[in-house]
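**Q** If you scroll down you'll find the structure; I have some questions about it.
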Amino acid sequence: MKAHTEYLTFKTEEKVEFVRITEKVAGVVAKSGVKEGFALVNPMHITAAVIVNDNEGGLIQDYIRTLQKLVPYDAKYAHNVGEDNAAAHIWRQLMAHQVVLPITDGKLDFGTWEQVFYCEFDGQRTKRVLVKVIGE
Amino acid sequence: MKAHTEYLTFKTEEKVEFVRITEKVAGVVAKSGVKEGFALVNPMHITAAVIVNDNEGGLIQDYIRTLQKLVPYDAKYAHNVGEDNAAAHIWRQLMAHQVVLPITDGKLDFGTWEQVFYCEFDGQRTKRVLVKVIGE
Amino acid sequence: MKAHTEYLTFKTEEKVEFVRITEKVAGVVAKSGVKEGFALVNPMHITAAVIVNDNEGGLIQDYIRTLQKLVPYDAKYAHNVGEDNAAAHIWRQLMAHQVVLPITDGKLDFGTWEQVFYCEFDGQRTKRVLVKVIGE
């Protein structure tokens, strides 16, 4: 079994921002030399998520508006004593925070519209995402 | 390490429909010959989810009603320009879109009530779900 | 490839309770002898979740209040005929029910604030969580 681990770094301009990272993840998979296996893409910070969804700007607005409607960023939260990011912690759970991606024949085994996104919910500072590939 | 990949195909009668697929997934696990490992079950379309939950018709209604209450299918969405499925993209995230299943002694290592479901949120057309097993 | 499986048991005092289990999971990883791989942490009951988030009491209150606001425990549900736990089934999906954890150099490869929690949504009875480690 092979294993290969890389850490991607992000510092978004906005507090809330979606960054498409499909090619970055595919690059790690290529470097790993794994032909059959899984790639785990996991934010190492607990106010961010990694998802697979559609690369369409309107939809990204819809995600953010929905999260803001369900769990308003500026509402009162017990966590927000000296913090202001309780909603970011909750948003990442609602979006399902991590993904495991299939690798077949050395490539991400994706449908036509599957794209990987890093979803930053408390940005403007440096954050890391782990990409770990295992397989053969 | 062994790896085995299959693609399940679904075309639901309803736009929104839950299909129980535990035996289909168990069949792929059996064919793989893997005794100890993981099975990833991942929709290849981004308006569907795969979940593990209870095989109870009332609960499935409750899921759909809850999603409809939180993120109404027919509300206004930026994505819905020539599309009508923004809510389906969002629902799949709220439901957590994929599962990784444990395989022990050649079988899905499940509790009494765990069942795998394909959750279609924009159906009536052909869609694929990847089942990938790795292990030994 | 190595594989190692353990079953953790919980019986919470409260119906809804978050239990930090990072050290328990790390102990299973240590026993597995796996240096590079993945650990799947999966509740075997469908009214509970395992998540990675912040060990901060205020935030745990915020999660529970948010879930209660979005999907009230005591509302009417089709599932609640002889049952009272429909909301618990739904909460576990909204929180994303399972996690896959990276193992690097024999340890959980975590950021500073990542902590593993067992989230019980229908407690006061004995329940199991599977921890399965694969790798080398």
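Values quoted throughout were computed directly from the atomic coordinates according to the rules given, and no laboratory measurement underlies them. Please read these numbers as outputs of a predicted model, since none were measured by experiment. Neighbour counts run over all protein chains shown; Cβ positions are idealised from the backbone, glycine included.
Here's the yes/no breakdown for (1) aliphatic (A, V, I, L, M); (2) facing another protein chain (nearest Cβ under 10 Å); (3) within 21 Å of C:Leu70 (Cα to Cα):
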| position | (1), (2), (3) |
| --- | --- |
| B:Gly33 | no, no, no |
| B:Val50 | yes, no, no |
| B:Arg65 | no, yes, yes |
| B:Val71 | yes, yes, yes |
| B:His79 | no, yes, no |
| B:Asp84 | no, no, no |
| B:Val99 | yes, yes, no |
| B:Val116 | yes, no, no |
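**Q** Return the total of residues in the range C:86-97 being within 11 Å of chain A (Cβ to nearest Cβ) and in contact with a His (Cβ under 7 Å, 6 or more places away or on another chain).
**A** The number of residues fulfilling the criteria is 1.
**Q** For a quick check of your reading: which helices (runs of 4 or more DSSP H) sit entirely within the range A:1-117 and have at least 3 residues that are surrounded by fewer than 17 Cβ atoms within 10 Å (Cβ to Cβ)?
**A** Numbers: elements: A:22-32, A:57-70, A:86-94.
Because the criterion is at least 3 residues that are surrounded by fewer than 17 Cβ atoms within 10 Å (Cβ to Cβ), the helices (runs of 4 or more DSSP H) in the range A:1-117 that meet it are A:22-32, A:57-70.
**Q** Tell me whether the range B:74-81 contains one or more residues that are free of Cβ contacts under 8 Å to residues at least 12 places away in the same chain and among the aromatic types (Phe, Trp, Tyr).
**A** Yes, there is a match, as at least one residue in the range B:74-81 is free of Cβ contacts under 8 Å to residues at least 12 places away in the same chain and among the aromatic types (Phe, Trp, Tyr).
**Q** Residues being among the β-branched types (Val, Ile, Thr) and more than 8 Å from chain A (Cβ to nearest Cβ): count how many of those fall in the range C:101-111.
**A** Initial filter on the range C:101-111 (among the β-branched types (Val, Ile, Thr)): C:103-104.
Those still in the list that are more than 8 Å from chain A (Cβ to nearest Cβ) too: C:103.
Final tally of qualifying residues: 1.
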